Amino acid sequence: MPVTVEQAFVAPRHLAGGGDPGWITVPLHRACGWSYGHDPLMPRVLLTSPDQLTQLRIAPDPDDPWWIILHARDADQRGWAATFGARTPVEIIAAFTDALTDPAGPATPAADPYAPLHKAEWNTARDTEGLVSPDGTARVERLGTADSDLWLIEIGVTEHPPIWRAHFTGSTPAHLVTAVTRSLANQTPVTRDPSKIPGLARDHMSVSTHRVPAAHIAFALERRTTLLAARHPAPPAAVPPPHAATPRRPR
């Protein structure tokens, strides 16, 4: 393994391209206990939460979202769905799944998804009630009525069709949508292989390349998985039953 490798640091992160899906699927399985189904004849991934209520599907369909997260209706809440397009950066989807699997639960269940964007000085969208990023490449909007609504995220540049979209049904817990908008507002660059940076919006992004320790890249996923696993306390050790007294043989 080389001592250092070249990495591109890309901002804004929503234009960086998809990245490695394992950034999401590996921690879900290894750190959060999600089980996976495998069919070698189908080009898709299925992961199911331990309580069997939530499923993640990844299917390479050019006409539909590649990432689909479905949560079944239960006694506490209505069912909901979240979808992400193929070019959604994994760091943004991971913000959603990390919040979803946090055993501590939401700090503020009634969080406002617009709040992180207001803090980052996003602008009011023209002719809508949504918000647009300062560079105009990202839009977040709540559509519909109180009984039939959804959140829409759309990423693109004016001279091209949208690069990716995300949808969240209105019943999606607000803190999960807020985790995504917080990631969108995060101005920290994400790293990518320089040869895999999408060129569609190259004029709208900042890219700088640096040589970084190869071990840092090679073990980044392992470190992430370990940190997420630490959120789940180990079950208490089983207490062995007391030894029964051995009856004495009568003389």
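Yes/no matrix, rows are residues, columns are (1) assigned to a loop (DSSP other than H, G, I, E, B); (2) open to solvent by 20 Å² or more (accessible area, probe 1.4 Å); (3) more than 30 Å from GLN52 (Cβ to Cβ):
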| site | (1), (2), (3) |
| --- | --- |
| THR88 | yes, no, no |
| THR128 | yes, yes, yes |
| GLY136 | yes, yes, yes |
| LEU150 | no, yes, no |
| ILE153 | no, no, no |
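With the condition kept exactly as written, say whether any residue in the range 208-225 is among the aliphatic types (A, V, I, L, M), surrounded by fewer than 19 Cβ atoms within 10 Å (Cβ to Cβ) and part of a strand (DSSP E or B).
Pass one, the range 208-225, residues among the aliphatic types (A, V, I, L, M): 212, 214-215, 217-218, 220-221.
Add one more test, that the residue is surrounded by fewer than 19 Cβ atoms within 10 Å (Cβ to Cβ), and what stays is 212, 214-215, 217-218, 220-221.
Remaining after also requiring part of a strand (DSSP E or B): 212.
Yes, because at least one residue in the range 208-225 is among the aliphatic types (A, V, I, L, M), surrounded by fewer than 19 Cβ atoms within 10 Å (Cβ to Cβ) and part of a strand (DSSP E or B).
Which residue, of ASP74, ASP112, ASP98, ASP51, is surrounded by 13 or more Cβ atoms within 10 Å (Cβ to Cβ) and more than 20 Å from LEU152 (Cβ to Cβ)? First the steps, then the outcome.
Values: ASP74 fails: surrounded by 13 or more Cβ atoms within 10 Å (Cβ to Cβ); ASP112 fails: more than 20 Å from LEU152 (Cβ to Cβ); ASP51 fails: surrounded by 13 or more Cβ atoms within 10 Å (Cβ to Cβ).
Just a single option satisfies the conditions, and that option is ASP98.
So, in the range 170-204, how many residues would count as being within 16 Å of TRP151 (Cα to Cα) and open to solvent by 50 Å² or more (accessible area, probe 1.4 Å)?
The qualifying residues number 1.
Kindly state which strands (runs of 3 or more DSSP E) lie completely within the range 34-78 and contain at least 3 residues that are touching a Ser or Thr at 6+ places or on another chain (Cβ under 9 Å) and farther than 20 Å from GLY18 by Cα.
Numbers: elements: 35-37, 45-48, 54-58, 67-71.
Qualifying strands (runs of 3 or more DSSP E): 35-37.
Would you mind stating whether THR191 is part of a helix (DSSP H, G or I), within 28 Å of HIS29 (Cβ to Cβ) and either touching a residue at least 60 places away in the same chain (Cβ under 8 Å) or of a type outside the set (D, E, K, R) (or both)?
Judged against the criteria, THR191 is not a match.
So in the range 20-46, with the set limited to residues that are over 17 Å from the mean Cα position of the chain (by Cα) and among the small types (Gly, Ala, Ser), which one is least open to solvent (accessible area, probe 1.4 Å)? Full working, then the answer.
Here is the first cut: in the range 20-46, the residues over 17 Å from the mean Cα position of the chain (by Cα) are 35-44.
Then drop every residue that is not among the small types (Gly, Ala, Ser), which leaves 35, 37.
Working: SER35: 58, GLY37: 39 Å².
In this case the residue turns out to be GLY37.
Taking the range 1-19 as the region of interest, how many residues are open to solvent by 40 Å² or more (accessible area, probe 1.4 Å), over 15 Å from the mean Cα position of the chain (by Cα) and under 30 Å from SER133 (Cα atoms)?
Step one: list which residues in the range 1-19 are open to solvent by 40 Å² or more (accessible area, probe 1.4 Å), which gives 1-4, 6, 9, 19.
So of that shortlist, the ones also over 15 Å from the mean Cα position of the chain (by Cα) come out as 1-4, 6, 9.
Now drop any that are not under 30 Å from SER133 (Cα atoms), which leaves 6, 9.
Qualifying residue count for the region: 2.
The values are calculated or read from the model by the stated rules, or taken from the named source; none is laboratory data. Remember, it's a predicted structure, so these values are computed and weren't measured experimentally. Here the Cβ is made from the backbone with ideal geometry for all residues, glycine too, and neighbour counts use every protein chain on show. Heavy atoms of the whole protein, side chains included, go into the accessibility calculation; ligands, DNA and RNA do not. Shrake-Rupley method; radii C 1.70, N 1.55, O 1.52, S 1.80 Å.
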